[in-house]
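Single-structure report; data block below.
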Amino acid sequence: MADPVTDALPVRRIIHVDMDAFYASCEQRDDPALRGLPVAVGGSRERGVVAAASYEARTFGVRSAMPSVTARRLCPDLVFVRPRFEVYREVSRQIRAIFARYTALIEPLSLDEAYLDVTEDHAGIGSATATALAIRAAIKAETGLTASAGVSYNKFIAKIASDQNKPDGQCVITPARGPGFVAALPVKRFHGVGPKTAEKMTRLGIETGADLRAKSRDWLLATFGSWGGYLYDAARGLDDRPVRPDRIRKSVGAENTFFVDLRSPTDLLEALDGIVETVWPRIEASQSRGRTVTLKVKYSDFRQITRAKSFAEPVVDRAQFAAVGKALMLALCPVALPVRLLGLTLSALDQAEDAGDAQLGLALE
């Protein structure tokens, strides 16, 4: 009997390649003394935020975007290393050149991950699975680093699959397996479902993809707004987004909701420093520069405001980005009410990707 879900699936063959602990792995590759040790890139023992953590550090619970003091408490022997973005960018260019041998349809998400559409067999390998294996082998041989890959028929599932067998692993989800694979997933692994949304879903009795699939489109739209349409399709393993080589990111930012509301300028500026530590590595990773800095402030009564400053030329470095954010914050001080959330974003980005053509048909497996 025909499966209406599977029959509706597109014929694309998508690979999501994700480097393993990229920044930390680069540091361990280049400094043999760091190999086997728990390493945090970014921050310091006293302050700042972890930009990346090695797998040795992750066994202690250390994660990216974690305050350094928390990371050090979890792992007293954690080694902090200053980031070297010029190295990461150069390795990323090497990896991108490897991708280009197999397809021209490459959508980078950051320095260390990308979607590849290999529906057309540019290299004549014969299957998407074999292509992913070849790409990972080339990355390891030419950079000394490992990558993991997810292979599937759409971007949503390929991205999730790339995380299944990390590090240095690969997972293939065929159209026949897709709906069952998604049904078994915890909803917190769906792209866009953060901790607060996951909590809301739990309160509504939604903990897995199967629970989500049991809800009607109308119910999801009424409960989650326009995002409900995405959830309805994702729960069925459907995603028709193409790989876009010309993908342009419009902004890069981060925000933090505090456990205790902040009021003093000193506390607010210190919190903003932590957000800068999180955002600037993302800006570096996007290989773009922006001209508008936007501060987001949410008060204890949940009233939210934004303040922005734009420039004729791009913001050139972390120091300028931080200084603009602090100036915007100080202009609001003394605050009328305690602050429960701060966010900082760089927008009006200058960024472009190359596009190209592909050849010859390719099977998933």
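The values are calculated or read from the model by the stated rules, or taken from the named source; none is laboratory data. Since the structure is predicted, the reported quantities are computational estimates derived from the model, not experimental observations. Glycine also receives a Cβ, built like all others from the backbone with ideal geometry; neighbour counts cover every protein chain displayed.
At-a-glance table
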read-out: Members of the range 184-239 found to be in a helix (DSSP H, G or I), in contact with a Phe, Trp or Tyr (Cβ under 7 Å, 6 or more places away or on another chain) and under 21 Å from Ala161 (Cβ atoms), listed by number; value: Leu231, Ala234
read-out: Filter result for the condition that a residue is outside the structural domain of Val91 (by TED's automatic domain parsing), in contact with a Ser or Thr (Cβ under 8 Å, 6 or more places away or on another chain) and not basic (Lys, Arg), over Ala210, Ala214, Ala184, Ala198; value: Ala184
read-out: Selection from the range 274-308 of residues that are touching a residue at least 40 places away in the same chain (Cβ under 8 Å) and in a loop (DSSP other than H, G, I, E, B); value: Ser286, Gln287, Ser288, Gly290, Arg291, Ser300
read-out: Within the range 53-125, strands (runs of 3 or more DSSP E) holding 3 or more residues that are more than 20 Å from His16 (Cβ to Cβ); value: 79-81
read-out: Selected residue (only one of Val118, Val69, Val81, Val87 is in contact with a strand residue (DSSP E or B) (Cβ under 9 Å, 6 or more places away or on another chain), among the β-branched types (Val, Ile, Thr) and farther than 30 Å from Arg12 by Cα); value: Val81
read-out: Extreme residue, surrounded by the most Cβ atoms within 10 Å (Cβ to Cβ), among residues of the range 134-156 that are outside any helix (DSSP H, G or I) and not hydrophobic (A, V, I, L, M, F, W, C); value: Ser152
read-out: Search result, residues across the range 127-152 that are touching a Leu at 6+ places or on another chain (Cβ under 7 Å) and among the small types (Gly, Ala, Ser); value: Ser127, Ala128
